[in-house]
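Please read the structure below before turning to the comments.
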Amino acid sequence: MEIDVKPWEWMVKPTPQTEWISHHGMLIWLAFFSIELGAGMYFVSIFLNNPGGMLAGWLILPILGGGGLFLHIGHKRRAWRLMMNFKSSWISRGFILIGINTVLGAVHLALNRWGNADVASNMGIVMGVFLVLVILYGGFVISSIKSIPTWNSPLIPVLFMVLGLLGGAELALALNMESVLTESWIRVLMPMYVLLLVIYMVTVYQYTSTGKHVFKTIISSSLAPIFYVGVLGLGVLLPLGVVIAGVYSEVSTVILAIAIAGGIIGDLSIRYCIFRCGFYTPLLTQSKY
């Protein structure tokens, strides 16, 4: 989806941001997804006492999440200067949070494997707190941008938090298809995600004329196939159907695997739609005459 904006249109029409989603900017979309997915998987795996899930989440967070942020930096050799500017740089704060979680995660994994069980349990609580912070990181960065009204919403951090935990639970289930407790997490998180998605779409439409433009862009432009197939079909209806079916009967491993893949694709898709539909409010109001 190419974005073609005339130089003067930003004054009178809702203008899409391109820095975080077009070309090289897609790394930010993928980095935020990976950060929340990895942290969410680690967080859920702590409660499940799933060492494999903790290790996988610990690796995803710095390698895919931190790696995506690093690749987005223009001058790689000056990255250390950026990382020191944590007071004003959102990307610096992201690196710091990822670094803290990576170190704490290494300690927690070591204690969980070779240390005292009580000490490992207490360390898991500390780790859980920092994982919540890193999951919320991307949502708060986006919601702090006041010039994009559909991003500047308190729903964004909550939505991204639930997405991160849901995606993490789905990946944890992929590691152990027999885990009833993991399925219970998904049964709780899936309806929460659907409810938040509906509330977000309604508030976007009712927000301003820019919000109405965003809503129409999502459902009727070239983004429509991504929304209907990726978000609604694969990301909502398929996993929700499997969750409901699982209440009444046993679901096969193949169906579970398909639903997990659909859920991850849906997570990527809704984030893509939100990033792609970040429109700046026009400076001038168009006349009705």
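Just a few scattered comments:
- In the stretch 174-183, the residues that are surrounded by fewer than 23 Cβ atoms within 10 Å (Cβ to Cβ) and in a helix (DSSP H, G or I): A174, L175, V180, L181, E183
- In the stretch 151-163, the residues that are surrounded by fewer than 19 Cβ atoms within 10 Å (Cβ to Cβ), farther than 19 Å from V134 by Cβ and of a type in the set (A, V, I, L, M, F, W, C): L155
- No other residue among L166, L171, L196 is within 16 Å of I270 (Cα to Cα), of a type outside the set (G, A, S), buried (at least 20 other Cβ atoms within 10 Å of the Cβ) and in contact (Cβ under 8 Å) with a residue 24 or more places away in the chain apart from L166.
Residues are listed down the side, and each one gets a yes or a no for (1) out of contact with any Cys (no Cβ under 9 Å at 6 or more places or on another chain); (2) closer than 17 Å to Q17 by Cα; (3) of a type outside the set (G, A, S):
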position: M190; (1), (2), (3): yes, no, yes
position: I226; (1), (2), (3): no, no, yes
position: L238; (1), (2), (3): yes, no, yes
position: G241; (1), (2), (3): yes, no, no
position: V251; (1), (2), (3): yes, no, yes
position: G262; (1), (2), (3): yes, no, no
position: I270; (1), (2), (3): yes, yes, yes
position: G278; (1), (2), (3): yes, yes, no
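- Residue tally, condition closer than 14 Å to A106 by Cα and either more than 18 Å from the chain's Cα centre (by Cα) or of a type in the set (G, A, S) (or both), over the stretch 55-68: 3
- Taking helices (runs of 4 or more DSSP H) as the structural unit, those lying wholly within the stretch 21-86 and holding at least 3 residues that are under 20 Å from F130 (Cα atoms) and at pLDDT 90 or above correspond to 26-48, 51-60.
- Only a single item in (1) buried (at least 21 other Cβ atoms within 10 Å of the Cβ); (2) modelled with pLDDT of 90 or more is not met by V214, and it is number (2).
- Scanning the stretch 164-212 for residues that are within 16 Å of the chain's Cα centre (by Cα), of a type in the set (S, T, Y) and within 28 Å of A56 (Cβ to Cβ) yields one hit, Y193.
- From the options I265, I226, I274, I219, residue that is without any contact (Cβ under 8 Å) to a residue 12 or more places away in the chain, outside any loop (DSSP other than H, G, I, E, B) and of a type in the set (A, V, I, L, M, F, W, C): I219
- Only one of the listed residues (I100, I125) is surrounded by fewer than 15 Cβ atoms within 10 Å (Cβ to Cβ) and closer than 20 Å to A31 by Cβ. That residue is I100.
- Search result, residues across the stretch 199-211 that are surrounded by fewer than 17 Cβ atoms within 10 Å (Cβ to Cβ), part of a helix (DSSP H, G or I) and among the polar types (S, T, N, Q): T203, Q206, S209
- Lone qualifier among I148, I135, I98, I156 - being in a helix (DSSP H, G or I), of a type outside the set (D, E) and farther than 30 Å from G246 by Cα: I98
To keep it simple, each residue is scored yes or no on (1) farther than 20 Å from H213 by Cα; (2) hydroxyl-bearing (S, T, Y); (3) in contact with a Leu (Cβ under 6 Å, 6 or more places away or on another chain).
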{"site": "I148", "(1), (2), (3)": "no, no, no"}
{"site": "N152", "(1), (2), (3)": "no, no, no"}
{"site": "L159", "(1), (2), (3)": "yes, no, yes"}
{"site": "L165", "(1), (2), (3)": "yes, no, yes"}
{"site": "N176", "(1), (2), (3)": "yes, no, no"}
{"site": "V180", "(1), (2), (3)": "yes, no, no"}
{"site": "I186", "(1), (2), (3)": "yes, no, no"}
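The values are calculated or read from the model by the stated rules, or taken from the named source; none is laboratory data. This structure is a prediction, so every number in the text was calculated from the model and none was measured. We place every Cβ from the backbone using ideal geometry, glycine too, and count neighbours over all the protein chains shown.
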